[in-house]
Structure formats: structure tokens, C-alpha cells
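Here is the structure we will look at.
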Amino acid sequence: MSIPQSGGGPIEHHDQLAEYMADGCKPKDAWRIGTEHEKFGYCRDTLKPLPFEGPRSIDAILGGLRDRHGWSEVREGGKLTGLEKGMCNISLEPGGALELAGAPLETIHETCDEVNQHLAEVKDVCEDLGAGFIGLGAAPHWMHDEMPLMPKGRYKLMDAYMGKVGTMGRAMMRRTCTVQVNLDFSSEADMVQKMRVAIAMQPIAVALFANSPFFEGKLNGHKSWRSRIWRDLDPARTGMVPFVFEEGFGFERWVQYALDVPMYFVYRDGKYIDALGMSFRDFMAGKLPALPGETPTLSDWADHMTTAFPEARVKKFIEMRGADGGPWRRLCALPAFWVGLMYDQTALDAAWDLVKGFDAETREGLRVAASVDALQAEVNGVKMLDLAREAVAISHAGLVARARPGAGGMIPDEAHFLNALQESVESGKTQADELIEHYHGDWNGDVTRVFEAYSY
């Protein structure tokens, strides 16, 4: 979850809301890649989630990273709740999952090096504590009350609100992990094309990265339970945002959508002020019940935009959100997949050609089917495996065309980061299928075997 903003000056006219996003426009040579990935921490002897405090805890891991690896503290209410180093930050998800929000980097080679460094640092600290971390889309056997809420004001407010909207918001907060990638755009028109591709192809990403067939100690009937959870969370701020495909979509239309998303909070003087269910439109008019007479700053707008959770979203960049946490190879494969599709115009056009014929019903149908059947999904005669095979091929071509070398020039491009996805589209099997086979085979129905087999 995002770290709150500060400053930015007052919002004096409506146009500033769209201008905030438009200010993110960058020439192609300035485009960067930002990767965010979450993972579950646990006690190696008990296989229970890490508590926040204690000798073997989230606090101890954050402190170890600070002391051993040169990270700076981020505190809230006197508690150590995050870390910063350069343009990277480490934050906590509501149930204690650890998230690295990486620096904006030029190549997947750099992104993957960043992932490697982070996981090596985490492992270094964990070994002395008897802790471990694992990449899965959903907690395999932990129950809700086993995962304490992290001591952050934002989460306390969200937890209360999630009990009133949808049925799975609290499960999302505590018991899911994802991998996301943030990518740039050059203009409003470029943003529009990329957003349409991002939303329409999110079900393909869900299918390719499906890695959460277990929940509460058993098979859950879905290959991406994380994606299933997101379908019943809060309809006012989630989903496939069909208006993105309407004529006239652009920054201002996204503003109108975001203004209609009910508020969570306002951040003032290091504290979260409860604005649950209130209207940012009222805030603009100085009529917010939580802060009567006050009008918002640009940082309030930036914060509010982080409380919309569709399958892809616009800020000063585009954030692709719909993929399960996973093993190392897939942490690098996700940004590679999207960069290959988005950062070469020929590939982007081909990606749009692949999905532009889908209507809203088909896109939503693919989203639902992807969570259940992953690459075996089929909707209205559209086969997910065929889509995924074509999408991976387009991405591969885009990465080859980008021709960003690695390993001192020994590797000509970034295409090899797609190898894990190539294997999936050739076999028709995802990480979830592999876990299910183990469950029915050598694990004899014991989902806890996943920790020994797949921890970082």
C-alpha cells in the first residue's frame, strides 16, 4: 500500500486534477519501469505468520534490514512500519506481508538485479531469526484471526470500512499478495491506448501468473483465489472500468471516475483522519464533514487516487495490478511481459489488435474465468491459452525490438525473462497447476508442504 503524500499546494481549480496526471507524460527515452512485489513472512518452525513485534517479527526484520543493509526508517505512531533507500521503499501490507516498491529503472535486467538484491537481504536477516518468506497469491492455510492488522492508521480505517462493502475486503487486506508494474506514457493518447490494452489484457496476466489455488488449508476451486477475492471487495473502486473503452476517454474522464470513488481518509500532521464513504467532490467544495471548511491539496488528491483499485489504474504513470505473487522467475517475468507489450509501438498496436474486438461482457467474462481456470479458461469461444500464447509472442517481439542488452552486452535483449511464461503457454500449465499436482500427489493433501518447496 502506498506511503501517504505531503505538500503539493492547494487545489485552486478543477483542471489541476487532470494536470496532475498529465504531468507524468515523458518522452520515450525517459520511460522507466517500476516493480512492486509482496510476499508473506512466516515462522519456519511453526509455519505461522510473523507477528508485528517480538524477537521473531516484522519489526525485527525491518530493524535487521535497517541495521545490516543501510535502509532508513519510516515510522508511524512511534512504530517502525517501513524503510527507504534511494528511490526504493519497503512497506507493510495490512496483514504483515512485506512489499518492495522498486526504483524507476531503465531495463528488466536492472529490475531483476533489484529483486535479487532485495530477496538476498531479506534472507540474510531471516536466517538468524528463524523466519522465511514465500511468494503466493493467497495465504495457503492461515485463518483471518491469525494475521494481526499492522499498526498503521490507514489500515485501521480500511479494515472497518471493508466490513461494510463487499464480503472479501478483509481477506484481501490480510491474506493476498500481488506483483505490479508501473509504466510511463508519452501523451494522453498514449495513455489511452496503454490503459485499454492494460485493462483488456489483465485477465491474461491473471491466467499466466495464477498462483493461489489454496486457502484455509485446502483447494479453493480457483487457480487464482487472489483474483476471486478482488471480484467481491468494493464495487465502487474495483473492476474492469469499462468507461476506459468509451469514445472520449482521457485524463478528465479518469478524474470523474476517481471523484466518484468514496474516500477513505485525509492525511494531516502524520495522522489519518477518517473520511470513510465521504465525497472528494464535497472536499473540493469545502464541504467535507471530516474537515469542514477545508479544501484539498494536490497531495490529498494523490492519496485519494491510491484508494481506487481497478485492474489497472492511472496516476502519473499506469499501474498494472492483476497478478499473483510468485517465485523469483515470475517476479521478473511480470514487468518483462508488460514492458514488451507497452514500450514498443509495433507491439502495443499488435496487443490492441488482439483485444480490441472484445466487448465489456467478454472482458469481464475472461476476468472471472481466468481466476477459476487460468490458461484453461474459455469465454464465448475465446480460449485463454490462445490469447496468452499470442500475448507472450507479442511481448517477446517487443522486448527483442527494444534491444536493451544486459550482462555487459553479453545478453542482447530482455526477452529471456519471458522463459517462464513461454513454458506455461507451451504446456498450458501455470504455477497453480503445479501446486495442485503436488497437492494431489507427493504432498498428500498437505498444503503446508508449499513452504519447504517454494520459499525464497
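One table, with the values for the structure above:
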{"item": "Some residue of region 69-77 being within 20 Å of the chain's Cα centre (by Cα) and assigned to a loop (DSSP other than H, G, I, E, B)", "result": "no"}
{"item": "Hey, residue 407 at pLDDT below 95 and hydrophobic (A, V, I, L, M, F, W, C) or not", "result": "yes"}
{"item": "Of all residues in region 38-52 being within 23 Å of residue 118 (Cβ to Cβ) and in contact with an Asp or Glu (Cβ under 7 Å, 6 or more places away or on another chain), the one that is surrounded by the fewest Cβ atoms within 10 Å (Cβ to Cβ)", "result": "52"}
{"item": "Hits in region 358-386 (condition: at positive phi and part of a helix (DSSP H, G or I))", "result": "374"}
{"item": "Hey, residue 68 basic (Lys, Arg) and crowded, with 17+ Cβ neighbours inside 10 Å or not", "result": "no"}
{"item": "Residue among 181, 197, 192, 206 that is touching a strand residue (DSSP E or B) at 6+ places or on another chain (Cβ under 8 Å), over 18 Å from residue 99 (Cα atoms), in contact (Cβ under 8 Å) with a residue 24 or more places away in the chain and not in a loop (DSSP other than H, G, I, E, B)", "result": "206"}
{"item": "Of all residues in region 129-163 being assigned to a helix (DSSP H, G or I) and among the small types (Gly, Ala, Ser), the one that is nearest to residue 174 (Cα to Cα)", "result": "160"}
{"item": "Residue that is nearest to residue 208 (Cα to Cα) [pool: residues in region 400-420 that are out of contact with any His (no Cβ under 9 Å at 6 or more places or on another chain) and assigned to a helix (DSSP H, G or I)]", "result": "420"}
{"item": "Residue 22 farther than 20 Å from residue 139 by Cβ and surrounded by 12 or more Cβ atoms within 10 Å (Cβ to Cβ)", "result": "yes"}
{"item": "Residues of region 151-177 satisfying the condition of being surrounded by 22 or more Cβ atoms within 10 Å (Cβ to Cβ) and among the hydrophobic types (A, V, I, L, M, F, W, C)", "result": "158, 171, 172, 173, 177"}
{"item": "Flag for residue 65 being assigned to a strand (DSSP E or B) and touching a residue at least 12 places away in the same chain (Cβ under 8 Å)", "result": "no"}
{"item": "Residue in region 102-110 that is closer than 19 Å to residue 455 by Cα and either of a type in the set (Val, Ile, Thr) or at pLDDT below 95 (or both) present", "result": "no"}
{"item": "Odd one out for residue 453, checked against (1) in contact with a helix residue (DSSP H, G or I) (Cβ under 8 Å, 6 or more places away or on another chain); (2) surrounded by 18 or more Cβ atoms within 10 Å (Cβ to Cβ); (3) part of a helix (DSSP H, G or I)", "result": "(2)"}
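Residue-by-condition table, conditions (1) polar (S, T, N, Q); (2) closer than 30 Å to residue 183 by Cα; (3) in contact with a strand residue (DSSP E or B) (Cβ under 9 Å, 6 or more places away or on another chain); (4) not in a loop (DSSP other than H, G, I, E, B):
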residue	(1), (2), (3), (4)
12	no, yes, no, no
18	no, yes, no, yes
21	no, yes, yes, yes
38	no, yes, yes, yes
54	no, no, no, no
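The values are calculated or read from the model by the stated rules, or taken from the named source; none is laboratory data. Remember, predicted model here, so these are calculated numbers, not experimental data. As a convention, Cβ positions derive from the backbone with ideal geometry for all residues, glycine included, and neighbour counts pool all protein chains shown.
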